[in-house]
Amino acid sequence: MTRTDDRNSDGARAGSATAAHLRGTRRANPLKYIPGFFYVLVFFIVGKLAFADPRAALVHWGEYHLSWVEVLLVAAAMMAMAEQLRVSHPGIDNTIEAILMGAIAGIQVLLFALGAAGVRPLAIFNNTEFLMLTVISMTQAVVAILINARTLRRTIGVGDNG
């Protein structure tokens, strides 16, 4: 009579391979935790320092004239959608990513408030363009946290039979 070892049986290997596939493989790259809106914030600061007039036409495409701030707002909206996709995988806990997205939104609110309060070095954040970026970032962060919580709840609830 042969003994089977659970650790070395084909069933255990198949189960672990399936579990790894379902859970996904996590890379140990710390850059994956940097929210996309951090890059949008950096792009805003660089654009604010590079262009004197945020509404001046940057791109002329036929009858369309786009300013750098319009391009930035479109990029921010696209980044918001991509960030929501980032936390929407069922079975994967993306709570850290969602919290960091909220932290970036909080930093943007703080920068806008300090700029509006008259703190001289932060005056570049006291404008309509940055207010719109902050609103997009805040909305995206709240939705990302809700999406992450709902996908985790759905994943936990799938295995429950009681």
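The values are calculated or read from the model by the stated rules, or taken from the named source; none is laboratory data. The structure displayed is predicted, hence computed values, not measured ones. For the accessible areas, the whole protein counts, side chains as well, though only heavy atoms, and no ligand, DNA or RNA atoms are used. Shrake-Rupley method; radii C 1.70, N 1.55, O 1.52, S 1.80 Å.
Quick look at the values:
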item	result
Residue within the stretch 111-134 that is open to solvent by less than 60 Å² (accessible area, probe 1.4 Å) and under 25 Å from Asn29 (Cα atoms) present	no
Per-region count, the stretch 10-59, residues of a type in the set (Ser, Thr, Tyr) and at pLDDT below 50	2
